[in-house]
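Asker: Take this structure, written in structure tokens, and hold onto it; I'll ask about it next.
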Amino acid sequence: MKLIKKYLSIFAILSIAAFTACGGGTGGAPAGDIDDGLSSDYFIKSLSVDAPSLYNEDDPNATKLNLKYDFSWGEWSNELDVPYSIDIITITAEKNHNWASMYLGDAETGTALTSGDASGPITLEVGLNTVNLTVIAQ
């Protein structure tokens, strides 16, 4: 019997948007406690992938799927093997800065994500599936 798996590649496309340093420091020096509503931080703090079909009220972690590599905010891609029986996943990402924006897909046509909340359902096909997560600093 041949085991068929779905492969999911997650690429966090970390983008930096042009911004002005209103009230910010110069030469990369921190500006103290000044918060001007701008962000130069285009990284995510955490990332998890869930399979809602695995929900079990006795085990709140039953839906978690393990990334191939430990999450690291400096890595721009990761992978995971998804069992054939799972055809829908959700992604939960937490941005590293309050003023950054996150999107499932690109910033123009993608779906805006709320930090720490699960994305909507992402349908998988058999084979390689690529999911792009875009983070933009203001």
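The values are calculated or read from the model by the stated rules, or taken from the named source; none is laboratory data. This is a predicted model, so every value here is computed, not measured. Ligands, DNA and RNA are stripped out before the accessible areas are found, and what is left, the full protein with its side chains, is counted by its heavy atoms. Shrake-Rupley method; radii C 1.70, N 1.55, O 1.52, S 1.80 Å.
Asker: For segment 99-138 and segment 47-61, compute the distance between their C-alpha centroids and round to whole Å.
Answerer: 19
Asker: Let me ask something else. Gain in length, residue 45 to residue 128, computed as 0.36 nm per residue apart minus the alpha-carbon separation, to one decimal in nm?
Answerer: Net length gain for the segment: 27.3 nm.
Asker: For residue 113, enumerate residues with amide H under 5 Å from its amide H, sequence gap 5+ or separate chain, H modeled in the peptide plane.
Answerer: 102, 103, 104
Asker: Per the 1.4 Å probe, what fraction of the accessible area of segment 69-130, in percent, lies on carbon and sulfur atoms?
Answerer: 47
Asker: Please work out how much length the chain gains when fully extended from residue 81 to residue 55, using 0.36 nm per residue of separation minus the C-alpha to C-alpha distance, in nm with one decimal.
Answerer: Full extension of this stretch gives 7.5 nm more.
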